[in-house]
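Working notes, structure below.
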Amino acid sequence: MKVINSIKDMRAWSKAQRRQDKIIGFVPTMGFLHEGHLSLIRKAKEHSDLTVISIFVNPAQFAPGEDLDQYPRDFERDEKLCAQEDVNVIFYPSNDNMYLDKHKTYVITEELSKKLCGKSRSTHFRGVTTIVAKLFNIVNPHIAVFGQKDAQQAVIIQRMVTDLNFDIQIIISPIIREADGLAMSSRNKYLNENERKQAAVLYRSLQSAKTEFEKDNRSLLEIKDKITAVIKNEPASRIDYVEIVDAQTLGSPDPGEGDMLIALAVFFGKTRLIDNIIVPGKGEEWSTGVLE
Ligand code: PAF
């Protein structure tokens, strides 16, 4: 396994592999890897000959006052995990490498980036799309894998790839959960013992919505109220949003037609966690959340 720091070396590696007709799979991450990331790596490996993972905590997607400085980092541990997963390259650039002082260009996916998390994190998705576009140009992969856990990010990246004609296949991989249902996230590390216990309510609340849909309840207002009530039972929780939207447009859904996304963001103490489930449209099956 190689660790590549420079953009020039990363490009040269990809170019050499492409010349030999190798399919390059790519998993962009901010490091502090957990089982969720490892599932993305395994998914990439299924679809490619060689796997590149990037580790870069991207300042452009954190607003002032957010957790950029505290964001957990442990490169040595990440490196070991990548080696165990037979990753071929870790692209591990420095901030100075990725953002020159005179950096002035941003990629913005309009409308989609203002919804859901975009309401409280107004510059977050422009940071994500900008870094992902840069990484795509540097790594030049054939496929890239993102997690369904960041559902809005997944929709936005797919839109960006289509709109900007990136010749990259995007694969979205299912959410990986802890035994009590909490979606795996590097930010779970911020939770104290009490908050960690209470955070399992997110999955329970989404399951309660699933039960309502299975009982054929199509009142989105009632279902949102139900989710909210379940979460509010946990005293450490503070809801940022609970929304039910069309899974593609993130706009108003048409219950029973296309897939719907139930997405939420909730604070436990100072830690903001997100989670979601997809309610399948007509004739489709509920996802089990287990890797295919
Ligand atoms: O999902 C993440 O970890 C980040 O948003 C990403 C895609 C690596 C961009 O920094």
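The values are calculated or read from the model by the stated rules, or taken from the named source; none is laboratory data. These numbers were taken from a predicted model, which means no experiment stands behind them. Quick reminder, even Gly has a Cβ in these numbers, built from the backbone with ideal geometry, and neighbours come from all protein chains shown.
Can you tell me which residue among LEU206, LEU220, LEU191 is of a type in the set (A, V, I, L, M, F, W, C), in contact (Cβ under 8 Å) with a residue 12 or more places away in the chain and crowded, with 21+ Cβ neighbours inside 10 Å?
Among LEU206, LEU220, LEU191, only LEU206 is of a type in the set (A, V, I, L, M, F, W, C), in contact (Cβ under 8 Å) with a residue 12 or more places away in the chain and crowded, with 21+ Cβ neighbours inside 10 Å.
Every residue, every condition in (1) among the small types (Gly, Ala, Ser); (2) farther than 23 Å from TYR71 by Cβ, yes or no:
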{"position": "ILE231", "(1), (2)": "no, yes"}
{"position": "SER237", "(1), (2)": "yes, no"}
{"position": "THR249", "(1), (2)": "no, yes"}
{"position": "GLY256", "(1), (2)": "yes, yes"}
{"position": "LYS270", "(1), (2)": "no, no"}
{"position": "GLY281", "(1), (2)": "yes, yes"}
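Just for helices (runs of 4 or more DSSP H) wholly inside region 109-225: which have at least 1 residues that are over 18 Å from ASP240 (Cα atoms), out of contact with any strand residue (DSSP E or B) (no Cβ under 9 Å at 6 or more places or on another chain) and within 13 Å of the ligand (Cβ to nearest atom)?
Correct list: 124-139, 151-163.
In region 120-144, what count of residues is obtained for those that are β-branched (Val, Ile, Thr) and over 30 Å from GLN20 (Cα atoms)?
First, the residues of region 120-144 that are β-branched (Val, Ile, Thr): 123, 128-132, 138-139, 143.
Imposing the further condition that a residue be over 30 Å from GLN20 (Cα atoms) reduces the set to 123, 128.
Summing the residues that are β-branched (Val, Ile, Thr) and over 30 Å from GLN20 (Cα atoms) in region 120-144 gives 2.
Quick one: in region 8-52, which of the residues that are away from the ligand (no atom under 16 Å from the Cβ), in contact (Cβ under 8 Å) with a residue 12 or more places away in the chain and part of a helix (DSSP H, G or I) is surrounded by the fewest Cβ atoms within 10 Å (Cβ to Cβ)?
Per the stated criteria, the residue is LYS15.
So which residues in region 90-124 are touching a helix residue (DSSP H, G or I) at 6+ places or on another chain (Cβ under 8 Å) and at positive phi?
Once the filter is applied, which keeps residues that are touching a helix residue (DSSP H, G or I) at 6+ places or on another chain (Cβ under 8 Å) and at positive phi, region 90-124 yields only LEU116.
Among residues belonging to region 101-114 that are over 24 Å from the mean Cα position of the chain (by Cα) and under 22 Å from PHE125 (Cβ atoms), point out the one that is surrounded by the most Cβ atoms within 10 Å (Cβ to Cβ).
Checked region 101-114; the qualifying residue surrounded by the most Cβ atoms within 10 Å (Cβ to Cβ) is HIS103.
Considering region 226-273 alone, what residues qualify as being assigned to a strand (DSSP E or B) and more than 21 Å from MET184 (Cα to Cα)?
ILE244, VAL245, ASP246, MET260
Take the conditions within 17 Å of the chain's Cα centre (by Cα) and in contact (Cβ under 8 Å) with a residue 24 or more places away in the chain and apply them to PHE56. Does it pass?
Criteria met by PHE56.
So for region 69-85 (the condition being among the aromatic types (Phe, Trp, Tyr), in contact (Cβ under 8 Å) with a residue 40 or more places away in the chain and closer than 26 Å to GLY118 by Cβ), does at least one residue qualify? Give the steps one after another, and end with the answer.
Initially, region 69-85 is screened for residues among the aromatic types (Phe, Trp, Tyr), giving 71, 75.
Then keep just the ones that are in contact (Cβ under 8 Å) with a residue 40 or more places away in the chain; that gives 71, 75.
Retained after the next criterion (residues that are closer than 26 Å to GLY118 by Cβ): 71.
So far as region 69-85 goes, yes, one or more of its residues are among the aromatic types (Phe, Trp, Tyr), in contact (Cβ under 8 Å) with a residue 40 or more places away in the chain and closer than 26 Å to GLY118 by Cβ.
Can you go through ILE239, ILE231 and tell me which one is farther than 27 Å from ILE143 by Cα, at pLDDT 95 or above and surrounded by fewer than 16 Cβ atoms within 10 Å (Cβ to Cβ)? Show your work before the answer.
Numbers: ILE231 fails: surrounded by fewer than 16 Cβ atoms within 10 Å (Cβ to Cβ).
Only one candidate passes the filter, namely ILE239.
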